[in-house]
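Only one structure is covered here, and it is reproduced in the block below.
The values are calculated or read from the model by the stated rules, or taken from the named source; none is laboratory data. This is a predicted model, so every value here is computed, not measured. All Cβ positions, glycine included, derive from the backbone under ideal geometry; neighbour counts span all protein chains shown.
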Amino acid sequence: MKNLNRRKWIKSSLLGMGGLSLLTKGFADSMETAALSKISSQSRLVELNPGHFNKVPMRARLLANENPFGPSEKAQKAIAAAVAEGNRYGHGDAAYLIDLIAEKEGVSKDCIMLGPGSTDLLEKTAIALCRKGGQVISADPSYMSLVNTAQAVGATWQAVPLLEDHSHDLQGMKAAITSDTRLIYVCNPNNPMGSVTDAVALRSFCKSASQKSPVFVDEAYLEFMDNPMEQSMVDLVAKGHDVIVARTFSKIHGMAGLRIGYMVATPERVASVTQLVRSTMGLCVTSLKGAIASYQDEAFVANCREWNRTSRAYTSEQLHALGFQEIPSHTSFMIFPIQTAGKAFAQTMMDQGVGIRVYEIDDQDWCRVSMGTLKEMQYFIEALKTTQA
Ligand SMILES: Cc1ncc(COP(=O)(O)O)c(C=O)c1O
């Protein structure tokens, strides 16, 4: 039995033996979130190379959708200067960053919540809205932070498979809404598929679905798209819809290790989260000063978008020449089906210093590769060729 199939068999046996019924609150409390979500989530997607990779030195680190070009020089200077201010809390800087974001997004200041990365905001929102149980709806496969936390605090997950073109099945998601629905999560563009859901259709979905439940739109990769602001749902917040939009400085701003992100939602929705947890207390002055500098550095962001496009075009062309076919990517990563068993594939790549991710989705193994510099993408292609030998 292939490893993966064995894992699936164990998972389905567990569920068959009543694994789901074990997910009572007491049981949930006694388990780690990650372990719990592995049993309860039942995602179509199974990661085949979790763990270990952070310890190994790599010549091409293409496994966490990090931006190889950041942080910007302006951000680096601001961060270095901020170290000396580390004896003070960063409340003033946080207020200033909130002002900048509010102005750019066309919303009032009380619509903004900051956090150490958007993960923090995904999780805090899940805790605030799902802590009394209920249902959370999202696509499958998709990014799982919010759904995992929602399940860990007692919600059930209603997974709606992506459509054949890998976009969200918005009709299916709408049909899944019940009086029990506490939160709807949409990741656009979606991770790990790199695919996008049409903005016009999504806007109409957000408007109607948000009358029944808050809709959380994760726009972590939005800025890699052409005309990103036309694709964003943030204007719906200004119009009073119960839509929550999350963005991060980890991706296009190249500040993943500095941990800062923000969300934009109605003042009432922000308050429903901040009545439980604080917005700015988890932030360092270094990250705040870096974010302030980067947020205003439009040239850097535009360059990153362009460099990412160049790496994407090169990778796509090379993949096609080798007989691979990726899902068209609107992000800083790309996913494509592989014929080699995923775990062995990842190991062969890692042996050559190339870190990627491998997943199984519906009995097919896939490689997800983050866009690095052109040099890193060349290493990736060289290593990829050896998996075909
Ligand atoms: C779709 C999506 N949302 C959110 C995040 C979290 O990013 P961060 O916590 O660094 O802001 C990631 C990270 O890879 C992601 O892919």
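List of remarks:
- With respect to the conditions (1) within 16 Å of the ligand (Cβ to nearest atom); (2) more than 20 Å from the chain's Cα centre (by Cα); (3) buried (at least 19 other Cβ atoms within 10 Å of the Cβ), R269 falls short on a single one, namely (1).
- The stretch 257-266 - residue that is touching a strand residue (DSSP E or B) at 6+ places or on another chain (Cβ under 8 Å) and within 11 Å of the ligand (Cβ to nearest atom) and, of those, nearest to I177 (Cα to Cα): M263
- Checking each residue in the stretch 344-357 for being within 23 Å of the chain's Cα centre (by Cα) and either part of a helix (DSSP H, G or I) or over 15 Å from S370 (Cβ atoms) (or both) picks out only A346.
- The residue that is nearest to the ligand (Cβ to nearest atom), counting only those in the stretch 233-253 that are assigned to a loop (DSSP other than H, G, I, E, B) and either farther than 15 Å from I292 by Cβ or at pLDDT below 95 (or both), is S250.
- Per-region count, the stretch 66-94, residues surrounded by 14 or more Cβ atoms within 10 Å (Cβ to Cβ) and of a type in the set (A, V, I, L, M, F, W, C): 6
- Residue within the stretch 80-92 that is away from the ligand (no atom under 16 Å from the Cβ) and in contact with a Gly (Cβ under 9 Å, 6 or more places away or on another chain) present: yes
- Residues in the stretch 290-311 that are crowded, with 24+ Cβ neighbours inside 10 Å and closer than 20 Å to A95 by Cβ: G290, A291, S294.
- With respect to being at pLDDT below 95 and away from the ligand (no atom under 15 Å from the Cβ), D226 fits the description.
- Residue in the stretch 344-381 that is nearest to R312 (Cα to Cα), counting only those that are surrounded by 14 or more Cβ atoms within 10 Å (Cβ to Cβ) and of a type in the set (D, E): E376
- Residue check, E298 among the charged types (D, E, K, R) and touching a residue at least 24 places away in the same chain (Cβ under 8 Å): no
- Elements of type helices (runs of 4 or more DSSP H) contained in the stretch 109-210, each with 2 or more residues being within 14 Å of the ligand (Cβ to nearest atom) and crowded, with 17+ Cβ neighbours inside 10 Å: 118-130, 145-152
- The condition of being in a loop (DSSP other than H, G, I, E, B), at positive phi and among the small types (G, A, S) holds for only one of G323, G282, that being G323.
- Matching residues in the stretch 361-386 - criterion: being part of a loop (DSSP other than H, G, I, E, B), touching a strand residue (DSSP E or B) at 6+ places or on another chain (Cβ under 8 Å) and over 28 Å from E164 (Cβ atoms): G372
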